[in-house]
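See structure below.
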Amino acid sequence: MTAAALLRAGRHGGKITQAALSARAQTSQAEISHIERGAKNPSVSTLERLLNTAGYSLIAVPVIAPDAPTTAEGISRSLRSGVDERESALRRLLDYSDGLRKAHGVNRVALTITEPFPTGSVAWDAAIAGVAEHWLNEEALPAASWLTDGSRTLASPTAPHLSHYDLEPKTEQIPRELLRRNVLLEYATLASV
């Protein structure tokens, strides 16, 4: 995960604005903005200080798969690119799901613990949360508060419409964590790596 993604996710998770974070951390809002846009790479001590101010700690875990913020950032980039955005966004979601499937215990929790910054699409935000919750529940692991607050839920059942040939998803084939969020994505799609 990049420093930009870490800081954005931490600030968003801490529900703090750039202005408030800069005031508390005794730095400029411009510096926060530069870091979050990737225009400036902070030192580890600066990043740690900013994250601590937002209520987070910087920790190192083994790199085994993309985490939720990295996935959300990639999906957001795919959606902004406009070229084959659904396919690219879906590939990133499936990579995340596959990484969670392969991870176990604390590593699975680590990939889901940090709340991702919104992708710009409520549907993709709900899908990320549903996938994370699904794999955590498979091992009866604890879920971070961003997964249980209910904000990442679609108003009505929605299928991702991956191509013109999509069939209507079968409700019994959808993980309950996705179905609860009105994301109609079947087990078979999550398994297609």
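The values are calculated or read from the model by the stated rules, or taken from the named source; none is laboratory data. Owing to the predicted nature of the structure, the values given are computational and were not obtained by experimental measurement. For neighbour counting, all protein chains shown are included, and Cβ atoms are generated from backbone atoms with ideal geometry for every residue, glycine included. The protein model used for the area step is the full one, side chains on, heavy atoms only, and it has no ligands, DNA or RNA in it. Shrake-Rupley method; radii C 1.70, N 1.55, O 1.52, S 1.80 Å.
Observations on the structure shown:
- Ile128 being open to solvent by 30 Å² or more (accessible area, probe 1.4 Å), β-branched (Val, Ile, Thr) and within 10 Å of the chain's Cα centre (by Cα): no
- Only one entry of Leu51, Leu58, Leu47 meets the criterion of being touching an Asp or Glu at 6+ places or on another chain (Cβ under 6 Å) and modelled with pLDDT under 95, and that entry is Leu58.
- Of the set (1) in a helix (DSSP H, G or I); (2) in contact (Cβ under 8 Å) with a residue 12 or more places away in the chain, all apply to Glu172 but (2).
- Yes/no for Val106 being open to solvent by 80 Å² or more (accessible area, probe 1.4 Å) and over 18 Å from Ala144 (Cα atoms): no
- Taking first residues from segment 131-156 that are farther than 13 Å from Pro116 by Cβ and partners that are assigned to a helix (DSSP H, G or I) and among the basic types (Lys, Arg), the Cβ contacts under 7 Å between residues at least 6 apart in sequence or on separate chains come to Trp135/Arg101; Trp135/Arg108; Leu136/Arg108; Glu139/Arg108; Leu141/Arg108.
Listed here are the residues, each with its yes/no results for (1) surrounded by fewer than 15 Cβ atoms within 10 Å (Cβ to Cβ); (2) acidic (Asp, Glu).
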position: Ala23; (1), (2): yes, no
position: Gly38; (1), (2): yes, no
position: Leu50; (1), (2): no, no
position: Ala54; (1), (2): no, no
position: Asp67; (1), (2): no, yes
position: Arg92; (1), (2): no, no
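- Residue selected from segment 155-179 under the condition open to solvent by 20 Å² or more (accessible area, probe 1.4 Å) and under 26 Å from Ala9 (Cβ atoms), by the criterion modelled with the lowest pLDDT: Pro160
- Restricted to helices (runs of 4 or more DSSP H) entirely inside segment 1-78, those with at least 2 residues that are in contact (Cβ under 8 Å) with a residue 12 or more places away in the chain and closer than 28 Å to Ala103 by Cα are 3-13, 44-53.
- Those residues of segment 180-193 which are free of Cβ contacts under 8 Å to residues at least 40 places away in the same chain and crowded, with 18+ Cβ neighbours inside 10 Å, in sequence order: Leu184, Glu186
- Scanning segment 109-135 for residues that are among the aliphatic types (A, V, I, L, M) and over 16 Å from Gly150 (Cβ atoms) yields Val109, Ala110, Leu111, Ile113, Val131.
- The set of residues in segment 1-10 that are open to solvent by 30 Å² or more (accessible area, probe 1.4 Å) and not β-branched (Val, Ile, Thr) comprises Met1, Leu6, Arg8.
- For Thr112: the one exception among (1) open to solvent by less than 10 Å² (accessible area, probe 1.4 Å); (2) over 17 Å from the mean Cα position of the chain (by Cα); (3) of a type outside the set (Gly, Ala, Ser): (2)
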